[in-house]
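Every read-out reported here was derived from the displayed coordinates using simple, explicitly stated rules and does not represent laboratory data. Computed from a predicted model, the values in this text were never measured in an experiment. Cβ coordinates were reconstructed from backbone atoms using ideal geometry, including for glycine residues, and neighbour counts include every protein chain displayed.
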Amino acid sequence: MLKKWLQISFLNLAIVALLGVVMRYKILYPLPFVDQKKFLHAHSHFAFSGWVTLALMSLLISKLGNDNNAIFRKYRPVLIANLLTAYGMLLSFPFEGYGLISIIFSTLSIFVSYWFAIQYRRDLNRLGEKKVSSLWFKAAVLFNVISSAGAFTLAGIMATRSTHTGIYLAAVYFFLHFQYNGWFFFACMGLLTHKLEQYAVKKEQLLIIYRLFVYACVPAYMLSVLWVKLPVWLYMLVIVAVVLQLTGWIITVKHIRKLLQQKLLAVERFPRILLALCGLAFSIKLVLQSASVVPSLSHLAFGFRPIVIGYLHLVLLGVITLFIISYTIAAKLIHINIFLRAGVITATAGILLNEIFLMIQGVADISYLPIPAMNFFLLIAAVILFLGFLTIFCSQQFKQKSNSLIL
């Protein structure tokens, strides 16, 4: 059952990438039937619900016990509801933007997240296991619920037709922060911690890492709104949050390196390389976050669209997507064959190219130096991403394993 839901998730990831290709194509060439802004809403909402949320829900459900078939039968209504709302947003946003149907589906998707959070926390409690990974999972679903406050604030702004840009941006970043740095990140860290628990990493050490990140999560939101004049005590709290995150990550990397050096962490070379790239992307993300504490750098970053897009894609693709793919390969939760390897390598190349081109475009914008060919290069990167993700999905139709995957 888990493989089935992961296959659906990978199909949705390919669709997300296809929407990205269409939008990149639209920037360069005429495409009258495509409204760029409406397609962007479909792209982002479906990426969150149809890809990341569906994949993470499926992986988290699999940690509730050994009888996966029984567990997935229980959660089938929740997963189907999430899938239906995701496709509802995919099919409605391109035509009406924020209209009646799309708002209904996006609101229903929030209620589905509530449903999942309540049911999942109850089932975790029933297990009676005092694992640190369970704390990560509980925090993840809680932050997913908290993020909806930003979505409902946005709905209120649109309903009242408010023109207050500051409140609008604060609501957008509130939603994004508790999705990216809350729901997505904590779910991934829960999955990683679940593995580390199996390799006898002491509970006290894993608990320290969890506490550092959970204490930092809420105040770290203010990193996204530093353009607001914060009181000195709040600004100091932001700096503390940055230090806590960096400390937590350094301790995490230290434990993983120790396990690898002692050859206790049984991860094959290919997924290990992917996990290393994922870790590198997250390290870059933390460094960029830390640098944004400087007000002048924060204003610079949020003032140029390519930099914002590059940062969001760095986290969603370089950290979250790469982690999910590498985790499923390392845990052998998907069919491993040569087609999967080709798709993953292609997608990873697309992610790297996309980030490099966005970085160059961002620096060029800051310097007011136009690079007309850059949009064409970004289109190429988008096509490579799509081909990579499509190949990953298609690879799951070939069930036989191939030793050529193991490098």
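Annotations
- Label zone of Phe398 (point 7 Å out along Cα→Cβ, amide N under 11 Å): in the stretch 321-359 this covers 336-343.
- Estimated [θ] at 222 nm from DSSP helical runs (n ≥ 4, -39500 (n - 2.57)) normalised by residues in the chain, nearest 500: -26000 deg cm²/dmol
- Kyte-Doolittle mean at least -1.0 and Cα axial length at least 27 Å: DSSP H helices in the chain: 2-28, 68-96, 100-127, 132-160, 232-261, 269-291, 338-366, 374-395
- Remark: the chain is approximated by an ellipsoid whose semi-axes, taken from the C-alpha gyration tensor as √(5λ), come to 30, 26, 24 Å, largest first.
- Listed peptides 101-111, 313-323, 375-385 by packing density, highest first (mean Cβ within 10 Å): 313-323, 375-385, 101-111
- Taking the square roots of 5 times each eigenvalue of the Cα gyration tensor of the stretch 142-229, largest first, gives ellipsoid semi-axes of 34, 13, 7 Å.
- On the beta carbon distance between Tyr215 and Glu129, with R0 = 30 Å, the FRET formula returns roughly 0.80.
- Restraint check, Lys254/Lys285; Lys63/Lys285; Lys74/Lys195; Lys38/Lys63; Lys131/Lys285, Cα-Cα greater than 26 Å: Lys63/Lys285; Lys38/Lys63; Lys131/Lys285
- FRET efficiency for Ala291 and Phe152, using Cβ-Cβ distance with R0 set to 25 Å, rounded to 0.05: 0.20
- Between Lys203 and Asn69, full extension at 0.36 nm per residue minus the direct alpha carbon distance yields a gain of 45.3 nm.
- Each label was represented as a point 7 Å from its Cα along the Cα-to-Cβ direction; for Ile284 and Tyr368 these points are 2.9 nm apart.
- Full extension of the chain between Phe376 and Ile27 yields a length gain of 124.7 nm, computed as 0.36 nm times the residue separation minus the alpha carbon distance.
- Among Met359, Met189, Met158: highest mean-square fluctuation, GNM of the chain, C-alpha pairs under 10 Å: Met158
- Highest mean packing first, where packing is the average number of other Cβ atoms within 10 Å per residue, the peptides 390-397, 236-243, 176-183 line up as 176-183, 390-397, 236-243.
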